[in-house]
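I have a structure here, written as structure tokens, and I will follow up with some questions on it.
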Amino acid sequence: MTVAIITGASRGLGRALAAALAGRGWDLVLDARDAAALRAAVAGLERGAPGVRVKGVPGSVTDAAHREALLAAARALGGVDLLVNNASALGAEPLVPLAELPVEGLRAALETNVTAPFALLRAALPELRAAGGAVLNISSDAAVEAYPTWGGYGASKAALDHLSAVLAEEEPGVRVWWVDPGDLRTELYAAAVPDDADFDDRAAPEDVAPAFLRLLDEHTPSGRYVAQTLTRAGAR
């Protein structure tokens, strides 16, 4: 059996990726801050993929003890073959210009989007090396483009991108992907831009999940990818 840890997996892209992997027989360790939502997600996955082992560990990825609990749960299932750092914090809801962004908001975004993924992947590296596994860090176009109000969040994702790129150079035996999923119809995006007139036309997380599976299926080299581009390539 292959085992994946997915953070921020009670809803949105995290849950869609969990469902896609469960459908392929992966065992899962899932994380979310909302314990009730996480229980519901785990129950739904178990119904949809009988025989797959799904362990929900509620808590915040910013908490060291919680990260250790995630790793312990994965080890109990057999190890770590894939680490998906999906949990994210905006820094302000809705997003605001940098002149209005509280320092504590930027600190929260950096702690959730950079420090916590780094700490989790650092702790999981022995298992990932042994498995020849992979790390999937969820990025954003805000990491490479300057959009008004996206400064704090974008800065944190840019830092995660660079950390991913360096890790890919230092760990050639572990595939490292940092992927921009695009603007999705999720609660996170709605919280970021609650007045988005095009929200209902945004892609659903389930629509882009197959793009991420292509990375696994094709043993794609480490690098930065855009889900929309992966989807178009897969359609040819």
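Laboratory data are not the source of any read-out in this text; all were calculated from the coordinates shown. Quick caveat: nothing in here was measured; it's all calculated off a predicted structure. Positions of Cβ are generated from backbone atoms using ideal geometry, with glycine treated the same way; all protein chains shown enter the neighbour counts.
Sort out for me the Cα centre separation of the stretch 169-217 from the stretch 38-72, rounded to whole Å.
That distance is 20 Å.
With +1 on the Cβ of every Lys and Arg and -1 on the Cβ of every Asp and Glu, and nothing else charged, how large is the dipole of the stretch 106-213 about its Cα centre, in debye rounded to the nearest 20?
Result for the stretch 106-213 is approximately 580 debye, rounded to the nearest 20.
In vacuo Debye scattering of the stretch 12-95, one point per C-alpha: log10 I(q)/I(0) at q = 0.10, 0.11, 0.12, 0.15 Å⁻¹?
-0.24, -0.29, -0.35, -0.54
If you take the charge dipole of the stretch 157-201 about its Cα centre, with +1 on Lys and Arg Cβ and -1 on Asp and Glu Cβ, which of A165, A190, V179 is farthest toward its positive end?
A165
How far is it, in nm, from the label point at A65 to the one at D200 when both lie 7 Å from their Cα along the line to the Cβ?
The answer from the label model is 4.6 nm.
Also, I was wondering about something else. Could you give the dipole magnitude of the stretch 3-235 about its Cα centre, charging the beta-carbon of Lys and Arg +1 and that of Asp and Glu -1, in debye to the nearest 20?
860 debye
Summing -39500 (n - 2.57) over the DSSP H runs of n ≥ 4 in the chain and dividing by its residue number, what mean residue ellipticity at 222 nm do you reach, to the nearest 500 deg cm²/dmol?
-14500 deg cm²/dmol
Find the relative contact order for the stretch 26-88 and round it to a whole percent, using C-alpha pairs within less than 8 Å whose residues are 6+ positions apart.
On the way: 68 pairs, mean separation 22.9, N = 63.
After rounding, I find 36 percent.
Taking the chain on its own, what percent of its Cα-Cα pair distances exceed 32 Å?
Values: 3558 of 27730 pairs.
Beyond 32 Å sits 13 percent of the P(r) for the chain.
Here's something else I'd like to know. Over the chain, calculate the relative contact order: mean separation of alpha carbon pairs under 8 Å at least 6 apart, over the residue count, as a percent.
Relative contact order for the chain comes out at 18 percent.
Through the Karplus equation 6.51 cos²θ - 1.76 cosθ + 1.60, θ set to phi - 60°, convert the phi angles of the stretch 170-186 into ³J(HN,Hα) values in whole Hz; use x for Gly and Pro.
7, 10, x, x, 10, 6, 10, 10, 10, 10, 8, x, x, 7, 10, 7, 10
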